[in-house]
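Contents: one structure, followed by commentary.
The values are calculated or read from the model by the stated rules, or taken from the named source; none is laboratory data. Quantities reported herein were computed from a predicted structural model and do not represent experimental measurements. Cβ sites come from the backbone with ideal geometry, for glycine too, and all protein chains shown count toward neighbours.
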Amino acid sequence: MTTTETETTCDVCIVGAGPAGLTAGLFTARAGLETLIVNTGEPILRRNSHLENVPGFPAGVNSRLFLDMLVDQVERNGCGRLEAEVTEVTESGGERFAVATADERLIRSDYVICASWAESNYVAGIDEIGLMKRGSKTYIDVNEEGETGVDGLYAAGRLAGEPHQTVVAAGHGAKVALSVIHDSEVPFYNDWVAPEGYFTERGREVPPGCEEIDEEERQRREQQSMEVMQEYFDSSHPEMPTQHPSVREE
Ligand SMILES: Cc1cc2nc3c(=O)[nH]c(=O)nc-3n(C[C@H](O)[C@H](O)[C@H](O)COP(=O)(O)OP(=O)(O)OC[C@H]3O[C@@H](n4cnc5c(N)ncnc54)[C@H](O)[C@@H]3O)c2cc1C
């Protein structure tokens, strides 16, 4: 990723840092694509009081803590983040897209994933994109792979019409990221970490995207994950859920 004072060039620009955008970034960054997630405002999940239906948390988890941990995870995996409002996405030569922000930055990228529930005005100027109005909300029309019909432009999560659930938005972000990885032609089989010998002792090369680790390295990673999680769960989260705007105004 190259960055000057006003411009950044990357492979993938993701608009929105909710469960969909963050999970998409986790996957594209881990596949070796230079990824920048641009976000303004707060993910709607911060309104939740206690998150009880995300797999892996038997007694539920504070949703703000869940988002903090997800942000930490994307950063540990090499994904860039920028706090800015995306105002316009246009198709341009070279890198396929120019993503403009309200503070006059420009991000040039080959792929854009829109994961910015509930805002899509910034793509309204692209003729070929399908915007669907349902009630007061606008969704971006995508196919099974999350493609919009504009080459290189995808949408993920609630904005792509997925059900209003965290794990579905996150899963869809991952699925759309895999479409981007496939279309980018970066060598990739699966994002798997396997025990030493899993492929190689069967006479196979470790496939691209996969990793074999030995027992010592497995124990090191497990220890690190235990320490990180103990720190996160050491005390309660300082922030309260955000109320619905109409309740806040009363
Ligand atoms: C009160 C409440 C409780 C909930 N409880 C649960 C629950 O218990 N379990 C469950 O599974 N789901 C729950 N949900 C639903 C869940 O939060 C959402 O379905 C999910 O978070 C959607 O994820 P997303 O990534 O698609 O969108 P979001 O999380 O909303 O992320 C979109 C991000 O894009 C940003 N953005 C928007 N426009 C721009 C722009 N122009 N430029 C840059 N950034 C932009 C937004 O500010 C936001 O940060 C709850 C929702 C609410 C409101």
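Quick look at the values:
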| item | result |
| --- | --- |
| Test for E231: is it of a type outside the set (G, A, S), farther than 30 Å from R64 by Cβ and surrounded by fewer than 10 Cβ atoms within 10 Å (Cβ to Cβ) | no |
| Strands (runs of 3 or more DSSP E) within region 152-250 that include 2 or more residues under 30 Å from K137 (Cα atoms) and either in contact (Cβ under 8 Å) with a residue 24 or more places away in the chain or within 17 Å of the chain's Cα centre (by Cα) (or both) | 153-155 |
| Residue among S109, S116 that is closer than 25 Å to A174 by Cβ, small (G, A, S) and not in a loop (DSSP other than H, G, I, E, B) | S109 |
| Test: residue in region 137-149 that is in the same structural domain as S63 (by TED's automatic domain parsing), of a type in the set (V, I, T), assigned to a loop (DSSP other than H, G, I, E, B) and more than 11 Å from the ligand (Cβ to nearest atom) | yes |
| Residues within region 157-171 that are more than 7 Å from the ligand (Cβ to nearest atom) and touching a strand residue (DSSP E or B) at 6+ places or on another chain (Cβ under 7 Å), tallied | 2 |
| Positions within region 1-60 being polar (S, T, N, Q), more than 6 Å from the ligand (Cβ to nearest atom) and either under 30 Å from H244 (Cα atoms) or buried (at least 24 other Cβ atoms within 10 Å of the Cβ) (or both), in sequence order | T23, T28, T35, S49 |
| Residue that is modelled with the lowest pLDDT, among those in region 6-45 that are under 13 Å from L82 (Cα atoms) and assigned to a loop (DSSP other than H, G, I, E, B) | T6 |
| Failed criterion for A98 (all others in (1) outside any loop (DSSP other than H, G, I, E, B); (2) free of Cβ contacts under 8 Å to residues at least 12 places away in the same chain; (3) surrounded by fewer than 16 Cβ atoms within 10 Å (Cβ to Cβ) hold) | (3) |
| Some residue of region 180-199 being within 10 Å of the ligand (Cβ to nearest atom) and of a type in the set (V, I, T) | no |
| Hits in region 120-136 (condition: touching a residue at least 12 places away in the same chain (Cβ under 8 Å), in a loop (DSSP other than H, G, I, E, B) and closer than 20 Å to T87 by Cβ) | S120, G125, I126, E128, I129 |
